[in-house]
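Take a look at the structure set out below.
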Amino acid sequence: MVKYSVIAQLLWVVKPVNCTQGTKTNKESAITFSSIFLERTDSIIAQIIRFGMVGAVSTTADASLLFILTHYLGLSYLISAAFGFTLGIIICYVISINWVFASRSLGSRHVEFIAFFVIGIIGFALTELILYTSVEALHLHYMVGKAIAVVLVFAWNYGARRVLLFRKSEN
């Protein structure tokens, strides 16, 4: 019996079964390491995975700055969250336009960044509301409130950006 190496197992993500005539071939329909991580793609599955990874990086930067500014520098958690958000949105935009989304709906990068930022501001307002409610009304630790906000705001940010900024053209 041949044992797969750990790397080979990690590279194999999904192997479709039973491709019939008139459907995509195994190669065309397979979700592979390459299609998720390397190739430009309009695949919603690949984009959600990528956006999740980008979100993890930008959220780590955001939450780390929130914690450092609040815990070590004594700033208000709401002010600290604004600084964290700004760092996170810049990281998210740069990686998203270069890796997550293959299609772009707007011709101007300036307009695109402003729209990306506005969507993020709405997400930030939701984050602040969730943080405030979690801490002041529910008496939760601010990092628990941040965790709740991350999940809800992720859905908003991805959905709005996918539909408004990075949808594939109908041509």
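Of the residues 128, 39, ranked by 1.4 Å probe accessible area with the largest first, the sequence reads 39, 128.
Would you give the gap between the C-alpha center of segment 50-69 and the C-alpha center of segment 75-142, rounded to a whole Å? Segment 50-69 and segment 75-142 have Cα centres separated by 10 Å. Rounded to the nearest Hz, the phi-derived 3J(HN,Hα) couplings of segment 133-138 under the Karplus curve 6.51 cos²θ - 1.76 cosθ + 1.60 (θ = phi - 60°) are 4, 4, 7, 7, 8, 9, where x marks glycine and proline. One chain, two ends: residue 82 and residue 129. Fully extended at 0.36 nm per residue, the span grows by 15.7 nm beyond their Cα-Cα distance. Over segment 82-171, Cα pairs under 8 Å with separation of 6+ residues give a relative contact order of 40 percent.
The values are calculated or read from the model by the stated rules, or taken from the named source; none is laboratory data. For clarity, every value in this text was computed on a predicted model and none was experimentally measured. Calculation scope for accessible area: heavy atoms of the full protein, side chains included, ligands and nucleic acids excluded. Shrake-Rupley method; radii C 1.70, N 1.55, O 1.52, S 1.80 Å.
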